[in-house]
1. Working only within the range 12-26, note down all residues that are in contact (Cβ under 8 Å) with a residue 40 or more places away in the chain and open to solvent by 70 Å² or more (accessible area, probe 1.4 Å).
2. State whether the residues of the range 166-185 include one that is in contact with a strand residue (DSSP E or B) (Cβ under 7 Å, 6 or more places away or on another chain), in a strand (DSSP E or B) and open to solvent by less than 30 Å² (accessible area, probe 1.4 Å).
3. Between residues in the range 150-173 that are in contact (Cβ under 8 Å) with a residue 12 or more places away in the chain and at positive phi and residues that are open to solvent by 10 Å² or more (accessible area, probe 1.4 Å) and assigned to a helix (DSSP H, G or I), which pairs lie under 8 Å by C-beta distance while being six or more apart or on different chains?
4. Check every one of the strands (runs of 3 or more DSSP E) wholly within the range 27-128 and list those with 2 or more residues that are without any contact (Cβ under 8 Å) to a residue 40 or more places away in the chain and surrounded by fewer than 23 Cβ atoms within 10 Å (Cβ to Cβ).
5. Might you let me know whether the range 143-161 holds any residue that is more than 16 Å from the chain's Cα centre (by Cα) and not charged (D, E, K, R)?
6. Residues in the range 127-169 that are modelled with pLDDT under 95 and under 20 Å from V26 (Cα atoms): how many?
7. Return the residues of the range 136-165 that are surrounded by fewer than 16 Cβ atoms within 10 Å (Cβ to Cβ) and either charged (D, E, K, R) or under 21 Å from A89 (Cβ atoms) (or both); say none if nothing qualifies.
8. For the structure I just gave you, tell me whether V90 is closer than 28 Å to T43 by Cβ and β-branched (V, I, T).
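The values are calculated or read from the model by the stated rules, or taken from the named source; none is laboratory data. Keep in mind that this is a model prediction, so the values were computed, not measured. Here Cβ is always computed from backbone atoms with ideal geometry, including for glycine, and neighbour counts include all displayed protein chains. Side chains are part of the model used for accessible areas, which takes the heavy atoms of the whole protein and leaves out ligands, DNA and RNA. Shrake-Rupley method; radii C 1.70, N 1.55, O 1.52, S 1.80 Å.
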Amino acid sequence: MSDGYAGLGDWTPEALGVEGAVRPVVTAPHPVLSREGGAVDPTAAETVRLAADLIATMRVSPGCVGLAAPQVGVGAQVFAVDVTGHPKAVTVHGTFVLCNARVVEATRWKPGREGCMSVPDLTGDVKRASRLVVEGDLPGTGAAVRLVTDGFEARALQHEIDHCAGLLFLDRVAGAHAIYQRKVYL
């Protein structure tokens, strides 16, 4: 692309070159969840390790479609997303990690139910853009990327970008009437 941004290309988690470790997920009201994460050097060894750990932790967490650095206790602007196989997903970019991501275009706002590993007992209705353009950097290479997505993947990206900004989905619900006890099936 002429503006210096490309899509994910052939990037895969294996491109990180390190094996990820599963980290414990922190829950609200842990203070790291309410602080804006710092920008990172996407080529730094600690960023690459964090990216691999986010993917490893996400993969062992049933139903998890995204995980941000603050959720594993690290105040950094890094998150992983993978909506592959989710019944609501239309556009799917597979497993990827973005650093220093920002929303550059958000349209077609719609409400939807969200949950979060850091708020394990609640879900809530949150209005989010259903068409999204996000720019960020790939860990490891530092390549600048622009993703255009929609629907459920767009919702997941906004949820994780919020984590990096110190926000939980509870900060975005319309009010107490839009918060629900998570259903548990035995």
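1. Kept after step one, since they are in contact (Cβ under 8 Å) with a residue 40 or more places away in the chain, are these residues of the range 12-26: 12-13, 15-17, 23-26.
Passing the criteria: only P24.
2. Of all residues in the range 166-185, those in contact with a strand residue (DSSP E or B) (Cβ under 7 Å, 6 or more places away or on another chain) come to 168-170, 172-174, 178-182.
Then keep just the ones that are in a strand (DSSP E or B); that gives 173, 179-181.
Next, from what is left, pick out any that are open to solvent by less than 30 Å² (accessible area, probe 1.4 Å): 173.
Checking the range 166-185: at least one residue is in contact with a strand residue (DSSP E or B) (Cβ under 7 Å, 6 or more places away or on another chain), in a strand (DSSP E or B) and open to solvent by less than 30 Å² (accessible area, probe 1.4 Å).
3. Between residues of the range 150-173 that are in contact (Cβ under 8 Å) with a residue 12 or more places away in the chain and at positive phi and residues that are open to solvent by 10 Å² or more (accessible area, probe 1.4 Å) and assigned to a helix (DSSP H, G or I), the close pairs are G166/S34.
4. Values: elements: 66-68, 78-81, 96-116.
Per the criteria, 96-116.
5. Narrowing the range 143-161 to residues more than 16 Å from the chain's Cα centre (by Cα): 143-144.
Okay, now just the ones that are also not charged (D, E, K, R), so 143-144.
Looking through the range 143-161, at least one residue is more than 16 Å from the chain's Cα centre (by Cα) and not charged (D, E, K, R).
6. Qualifying residue count for the region: 0.
7. V148
8. Criteria not met by V90.
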